[in-house]
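The values are calculated or read from the model by the stated rules, or taken from the named source; none is laboratory data. None of the values given here were measured: they were computed from a predicted structure. Every residue, glycine as well, gets a Cβ built from its backbone with ideal geometry; the counts of neighbours run over all protein chains shown.
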Amino acid sequence: MAGAAYSYEQLLEKLVRAKVKLEGARRSHSDRCMVEVDPEYHGPCTCGASGSNSVVNEALRELKL
């Protein structure tokens, strides 16, 4: 909806819904990921969860109220 005018309440509701969806989009590490396999592993995540979650966390920081 281009040019739609929203009330503050509607905008806040949209922000909250976006935040909830982003929080639900966080991924867990797979059972085969080195981060899960070896608690003392200090290398990068091998399943992609850390990379995916970093983008989600960045978006959540932007939405922080």
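Here are some notes:
- Any hit, the stretch 14-29, residues being surrounded by 13 or more Cβ atoms within 10 Å (Cβ to Cβ) and free of Cβ contacts under 8 Å to residues at least 24 places away in the same chain: yes
Conditions tested, residue by residue: (1) modelled with pLDDT of 90 or more; (2) under 23 Å from VAL55 (Cβ atoms); (3) assigned to a helix (DSSP H, G or I); (4) in contact with a strand residue (DSSP E or B) (Cβ under 8 Å, 6 or more places away or on another chain).
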{"residue": "GLN10", "(1), (2), (3), (4)": "yes, no, yes, no"}
{"residue": "LEU15", "(1), (2), (3), (4)": "yes, yes, yes, no"}
{"residue": "VAL20", "(1), (2), (3), (4)": "yes, yes, yes, no"}
{"residue": "GLU23", "(1), (2), (3), (4)": "yes, yes, yes, no"}
{"residue": "SER28", "(1), (2), (3), (4)": "yes, yes, no, no"}
{"residue": "ASP31", "(1), (2), (3), (4)": "yes, yes, no, no"}
{"residue": "VAL35", "(1), (2), (3), (4)": "yes, yes, yes, no"}
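- Residue selected from the stretch 33-58 under the condition hydrophobic (A, V, I, L, M, F, W, C) and surrounded by 14 or more Cβ atoms within 10 Å (Cβ to Cβ), by the criterion farthest from LYS21 (Cα to Cα): MET34
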